[in-house]
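Q: Here it is: the structure, laid out below.
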Amino acid sequence: MKNINYVINGVLAVAVVILFIMQFSDKKESTVTKTFASGEGDTTNLLPIAYVNVDSLLLNYNYFKDLNEQLLKKEENSRANVTQQARNLQNEVQEFYRKAENNAFLTRERAQQEQERLMKKEQKDLDAKLSQDLLMERQKLNEQLRDTVVSKLKVYNKEKGYQVIFSNTAEDNILLAGDAYDITNELIDLLNKSYSSGK
C-alpha cells in the first residue's frame, strides 16, 4: 500500500513540474491548439488525421440507400412467404381436424402419423429462419458497404495523406474535433460520383 502511495505522489510531482514549466515557458499557444480552436483558416498546421461522420455518410450515400431498399424488398418478400406458409399450415390443420371428426382416417395410427407430421411442420420456426436469413443478408450487405467505403477512402487518402481516419457514429467516438478534420462531405461526394458512374 505504501508503494502505491509513493508511485502516485511521484506521478503527481512530475505533473506539477510539467505544468510549472509549461506555465512559465515562452510559448503562448501551440499552432495545433490554435487551428483546433478555430476549425478554419490555414490548414497547413493540421495534424494528419481526419474523421468521417458515419451517420451522415449512410444518410447521403446512394449505394447504401439502394442496398437498404433491396434488403427491405427481400424482407417484405420473405414475410409474405412466411405468411403464406403459415396459412397453408393452418389450412392443413383445419383439414386434419375435419377428417378426424368425420373418421376419414382408416386407422388410429394413420391419424397419429398425420398429427405428428403437422406438429413437426408447425415446430419449424419460420420466423426464426426468416430472422436468421435476413440477419445474414444484412451482414453481407454491410460487409459490401464497408469494403466499398474503405477502398474509396484509400484512393481518397493517396492525395490527402492522412495518417489516421476515424469513424464517428452519433458523435460517439469523437467527443470534440475541429471542423477542419471532418472529411465526411468530401467522401460522400467521391462515393456518390463513383457509384453513379459505376452504375
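Q: To the nearest 10 square angstrom, what accessible area does residue 49 show with a 1.4 Å probe?
A: Roll a 1.4 Å probe over it and residue 49 shows about 50 Å².
Q: Cα-based Rg (one decimal) and Dmax (whole number) for the range 50-156, in Å?
A: 23.3, 77
Q: Ignoring ligands and nucleic acids, what accessible area does residue 149 show with a 1.4 Å probe (Å², nearest 10)?
A: Residue 149 has an accessible surface of roughly 20 Å² with all protein chains in place.
Q: Using a 1.4 Å probe and counting only protein heavy atoms, arrange 141, 106 so the residue with the most accessible area comes first.
A: Ranked list, largest accessible area first: 106, 141.
Q: Ok, one more. Tell me, what ³J(HN,Hα) does each residue in the range 160-167 have, in order and in whole Hz, if you take phi through Karplus 6.51 cos²θ - 1.76 cosθ + 1.60 with θ = phi - 60° and put x for Gly and Pro?
A: Karplus values, whole Hz, x for Gly and Pro: 7, x, 6, 7, 9, 10, 8, 10.
Q: Give me the percent of the accessible area of the range 150-194 that comes from carbon and sulfur atoms, probe 1.4 Å, all protein chains in place.
A: 49
The values are calculated or read from the model by the stated rules, or taken from the named source; none is laboratory data. Just so you know, these numbers come straight off a predicted model, no measurement behind them. In case anyone asks, the SASA skips ligands and DNA or RNA and just uses the protein heavy atoms, side chains included. Shrake-Rupley method; radii C 1.70, N 1.55, O 1.52, S 1.80 Å.
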